[in-house]
Amino acid sequence: MAAARGVSETIEPAAHLVWAPQPGPQMDLLRCPVPDILYGGSRGGGKTDALLGDWAAHAGRSGGHARGIMIRRTMPQLEEIIMRSRELYSPLGARWLAAAKSWLMPDGSYLRMRWMERDADADQYQGHSYDWIGIDEAGGFADPAPIDKMRATMRSAHKVPCVMRLTANPGGPGHQWIKERYVLPAKPRVPHYDPVRRVWRVYIPSRVQDNRALLDSDPGYIDRIKSSGPAWLVRAWLDGDWDASAGDIFFTREILLQDGLPAPLPRRIDYVFAVVDTALKDGLEHDGTAVLYCGRDSLGADRLWWIDWDVLQIEGALLDQWLPTVERRLEALALECQARNGSSGIWIEDKASGIVLLQQAQRMGLQVHAIPGNLTAMGKDGRALNASPHVYQGKVKFAAGAYDKITTYREVSRNHLLSQVTGYRLGAKTPHGMDLLDCATYSVAIGLGNSDGY
Ligand SMILES: Nc1ncnc2c1ncn2[C@@H]1O[C@H](COP(=O)(O)OP(=O)(O)OP(=O)(O)O)[C@@H](O)[C@H]1O
Ligand SMILES: [Mg+2]
């Protein structure tokens, strides 16, 4: 079988080659005939590159008939893979069709590049036909349902073999179902048959040590991963260990303190802001309403402080009367912390009761912002993973006001922010009333930006 021009399935470095799989797992993937493959394990193991190379090789064998789709969870993640695909496919003579967000390979094969933020987005592909489906970071899908819907599109009118390739690291929101489908049934590299879905599967593990290209060009990579999460998650990421997870503390108290104590605020900071979470659960009863007050400084320590918080049970109809008190508290904090730029306002989830509250607040002239939809769509686990590198690089700290505070909520007196944040477990069903945890992970994304955490 002929490989696509410029993409080799073997390792014969030649001047005209644009990309070749590295020896080891990448090469195994490109040569593997099993129709459903999980590739990956450790961070930086060359997963994304392997997927891009696999498509090119697949297309090259199809006589121009291949129809593929490459999926990532969010738009920014997709942009990243599109950028890399340009480096690999443009030199092959493929054309990027920007409006269609698709690649037209020189022989006519066609690859769509799509993101799938919500599980329901998979419905729009009903009736499509694909013979190659690549899902990069499938661990970002807490539920396999959208991936199964995509599987239902697999067919080829031209007898091109239909294949699906997933990549994932342990420790993501989809950890459990991926482990059950691909990792537990057989040893790595041993194909196994799933009689329910009538498909052969195999798990091809890859480690960062297999990615010489990365380690040679970026020797600090492993150290950066080491400071991106709790110890058990770092082990999962570096060793590709699917057992090292679940049930372990994600945000430890120690990492949110400085030498065991709340971190002092500097004499001046950049600005303060607040995150409000007003969840309306099951449409009947108002859950708690939580607010977290934060301070951000980039000149000195490049840090985010949790300065104060509150959680209360408020009637939905009274939220608009409560919100101005949040603004006044922010103004007071801005003065107290000598915030150079004052308050940047209140951030509110743009869903459920938050939608109405945002409108009311705007009418009242309060400084409010809708939390970006992509952050909401990430879900609890996605946001925790996104916050993780910032937290474990020591950029997020309790200030004394937030650490020493104890309030009574639903008849429990304690530091609710501390107990919710340190009580969070990745992948575990979180009970109702984790509103301060939501505020906390939102605050990290709002104050410090998206990380490359996931
Ligand atoms: N076959 C290859 N040839 C050249 N460079 C490669 C190859 N495979 C990987 N790389 C390099 O290694 C880098 C990291 O690889 P890649 O992004 O595929 O890893 P990953 O497992 O997807 O990482 P992450 O866990 O961060 O998503 C790539 O950006 C690329 O520069
Ligand atoms: Mg990747």
Give me a count of the residues in the stretch 87-99 that are closer than 16 Å to Ala59 by Cβ and either surrounded by fewer than 18 Cβ atoms within 10 Å (Cβ to Cβ) or in contact with a Cys (Cβ under 9 Å, 6 or more places away or on another chain) (or both).
6
Scanning the stretch 53-78 residue by residue, those more than 26 Å from Ser227 (Cα to Cα) and without any contact (Cβ under 8 Å) to a residue 60 or more places away in the chain turn out to be Gly53, Ala56, Ala57, Gly60, Gly64
Restricting attention to the stretch 153-180, report how many residues are under 26 Å from the mean Cα position of the chain (by Cα) and in a loop (DSSP other than H, G, I, E, B).
7
Do you know which of the residues in the stretch 34-45 that are modelled with pLDDT of 95 or more and outside any strand (DSSP E or B) is farthest from ligand 1 (Cβ to nearest atom)?
Pro35
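Given the criteria surrounded by 16 or more Cβ atoms within 10 Å (Cβ to Cβ), assigned to a strand (DSSP E or B), in contact (Cβ under 8 Å) with a residue 40 or more places away in the chain and more than 17 Å from the chain's Cα centre (by Cα), does Tyr203 qualify?
Values: surrounded by 16 or more Cβ atoms within 10 Å (Cβ to Cβ): yes; assigned to a strand (DSSP E or B): yes; in contact (Cβ under 8 Å) with a residue 40 or more places away in the chain: yes; more than 17 Å from the chain's Cα centre (by Cα): yes.
Spelling it out, Tyr203 is indeed surrounded by 16 or more Cβ atoms within 10 Å (Cβ to Cβ), assigned to a strand (DSSP E or B), in contact (Cβ under 8 Å) with a residue 40 or more places away in the chain and more than 17 Å from the chain's Cα centre (by Cα).
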Among the residues of the stretch 64-80, which ones are under 11 Å from Ile135 (Cα atoms) and within 16 Å of ligand 2 (Cβ to nearest atom)?
Met70, Ile71, Arg72, Arg73, Leu78
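Quick grid of which residues meet (1) at pLDDT below 90; (2) among the aliphatic types (A, V, I, L, M):
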{"residue": "Arg303", "(1), (2)": "no, no"}
{"residue": "Gln313", "(1), (2)": "yes, no"}
{"residue": "Arg340", "(1), (2)": "no, no"}
{"residue": "Ser343", "(1), (2)": "no, no"}
{"residue": "His369", "(1), (2)": "no, no"}
{"residue": "Ala377", "(1), (2)": "yes, yes"}
{"residue": "Lys380", "(1), (2)": "yes, no"}
{"residue": "Ala400", "(1), (2)": "no, yes"}
Only one residue in Pro33, Pro23 is more than 23 Å from the chain's Cα centre (by Cα), more than 24 Å from Trp242 (Cα to Cα) and surrounded by fewer than 24 Cβ atoms within 10 Å (Cβ to Cβ). Which one?
Pro33
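Right, His192: outside the structural domain of Lys429 (by TED's automatic domain parsing), in contact (Cβ under 8 Å) with a residue 60 or more places away in the chain and of a type outside the set (Gly, Ala, Ser) or not? Spell out the reasoning first.
Details: outside the structural domain of Lys429 (by TED's automatic domain parsing): yes; in contact (Cβ under 8 Å) with a residue 60 or more places away in the chain: no; of a type outside the set (Gly, Ala, Ser): yes.
Criteria not met by His192.
Quick one: in the stretch 47-68, of everything that is of a type in the set (A, V, I, L, M, F, W, C) and not in a loop (DSSP other than H, G, I, E, B), which residue is nearest to ligand 1 (Cβ to nearest atom)?
Step one: filter the stretch 47-68 for residues of a type in the set (A, V, I, L, M, F, W, C), giving 50-52, 55-57, 59, 66.
From what's left, not in a loop (DSSP other than H, G, I, E, B): 50-52, 55-57, 59.
Working: Ala50: 6, Leu51: 8, Leu52: 8, Trp55: 13, Ala56: 11, Ala57: 12, Ala59: 17 Å.
This residue is Ala50.
Among the candidates Arg118, Arg181, single out the residue that is under 29 Å from Ala244 (Cα atoms), at pLDDT 95 or above and away from ligand 1 (no atom under 16 Å from the Cβ). Before the answer, list the steps.
Values: Arg118 fails: at pLDDT 95 or above.
That would be Arg181, the only listed residue that is under 29 Å from Ala244 (Cα atoms), at pLDDT 95 or above and away from ligand 1 (no atom under 16 Å from the Cβ).
The values are calculated or read from the model by the stated rules, or taken from the named source; none is laboratory data. Owing to the predicted nature of the structure, the values given are computational and were not obtained by experimental measurement. Note that we place each Cβ from the backbone using ideal geometry, even for glycine, and neighbour counts take in every protein chain shown.
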